[in-house]
Amino acid sequence: MIRKRPLIGIIDDDEIYQFTLTRIINHNKQAERVITFSDGEKAIQYLTDNKSINENIPDIIFLDLNMPIMDGWQFMEEYASVKTEIKKKVNIFMWSSSVNPIDIERASEISEISDYIIKPIKLEDVKIFFEKLETLL
């Protein structure tokens, strides 16, 4: 069976990280499509507007921790109320330059977060990540 490539969402206020990760994903043909959001609020609005359209809901979300307007923690709080209406599994990967053990521990305690990834992410890291991800999808 041929596996459909995932829809990937990137929630990050850093346009360079958005651009870099999108380029790596597209170059390696690891996604059907990549959608980006500059803050958690825009992403929650998108999920709310599209909750009944499964093909518009990302299979994977890369969620930055530190952002203006709505940070990663606030996004996860809002996502908890929206996810009950979403009819597909969404794998959320929190990514941050924070190596603070408190942040890493807090992320590990949220069942909806699949993993915590420390920035910067390199091409090799992305390739390894997607190889591991095959077992989750």
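The values are calculated or read from the model by the stated rules, or taken from the named source; none is laboratory data. Because the structure is a prediction, the values reported are computed rather than measured. When we count neighbours, we look across all protein chains shown, and the Cβ atoms used for this are built from the backbone with ideal geometry, even at glycine.
Only one of Ser38, Ser98 is closer than 19 Å to Leu21 by Cα and either modelled with pLDDT under 90 or touching a Phe, Trp or Tyr at 6+ places or on another chain (Cβ under 8 Å) (or both). Can you tell me which? Show your work before the answer.
Details: Ser38 fails: either modelled with pLDDT under 90 or touching a Phe, Trp or Tyr at 6+ places or on another chain (Cβ under 8 Å) (or both).
That would be Ser98, the only listed residue that is closer than 19 Å to Leu21 by Cα and either modelled with pLDDT under 90 or touching a Phe, Trp or Tyr at 6+ places or on another chain (Cβ under 8 Å) (or both).
Considering each residue of segment 11-56, count those that are outside any helix (DSSP H, G or I), of a type in the set (A, V, I, L, M) and in contact with a strand residue (DSSP E or B) (Cβ under 7 Å, 6 or more places away or on another chain), and give that number.
Step one: filter segment 11-56 for residues outside any helix (DSSP H, G or I), giving 11-14, 28-39, 51-53.
Add one more test, that the residue is of a type in the set (A, V, I, L, M), and what stays is 11, 31, 34-35, 53.
If we keep only those that are in contact with a strand residue (DSSP E or B) (Cβ under 7 Å, 6 or more places away or on another chain) as well, we get 11, 31, 34-35.
So the count comes out to 4.
Kindly provide the set of residues from segment 1-30 that are under 24 Å from Glu85 (Cβ atoms) and surrounded by 13 or more Cβ atoms within 10 Å (Cβ to Cβ), ordered by number.
Restricting attention to segment 1-30, the residues satisfying the condition of being under 24 Å from Glu85 (Cβ atoms) are 4, 6-11.
Matches in segment 1-30: Pro6, Leu7, Ile8, Gly9, Ile10, Ile11.
So Met76 ticks every box in (1) surrounded by fewer than 19 Cβ atoms within 10 Å (Cβ to Cβ); (2) farther than 22 Å from Val126 by Cβ; (3) modelled with pLDDT of 90 or more but one. Which box is left unticked?
Going through the list (1) surrounded by fewer than 19 Cβ atoms within 10 Å (Cβ to Cβ); (2) farther than 22 Å from Val126 by Cβ; (3) modelled with pLDDT of 90 or more, Met76 breaks only (1).
Output the residue which, of all residues in segment 68-106 that are small (Gly, Ala, Ser) and outside any helix (DSSP H, G or I), is nearest to Ile11 (Cα to Cα).
Here is the first cut: in segment 68-106, the ones small (Gly, Ala, Ser) are 72, 80-81, 96-98.
Those left that are additionally outside any helix (DSSP H, G or I): 96-98.
Working: Ser96: 11, Ser97: 14, Ser98: 16 Å.
Only one residue fits best here, namely Ser96.
Name the residue that is surrounded by the most Cβ atoms within 10 Å (Cβ to Cβ), counting only residues in segment 107-126 that are in a helix (DSSP H, G or I) and hydrophobic (A, V, I, L, M, F, W, C).
Going through segment 107-126, the residues in a helix (DSSP H, G or I) turn out to be 107-108, 123-126.
In the following step, the residues that additionally are hydrophobic (A, V, I, L, M, F, W, C) were identified as 107, 123, 126.
Details: Ala107: 24, Leu123: 12, Val126: 18.
The extreme case among them is Ala107.
Picking from Ile25, Ile69, which residue would you name as being modelled with pLDDT under 95, in contact with an Asp or Glu (Cβ under 6 Å, 6 or more places away or on another chain) and within 25 Å of Ser97 (Cβ to Cβ)? Reasoning before the result, please.
Details: Ile25 fails: in contact with an Asp or Glu (Cβ under 6 Å, 6 or more places away or on another chain).
When all the criteria are applied, what remains is Ile69.
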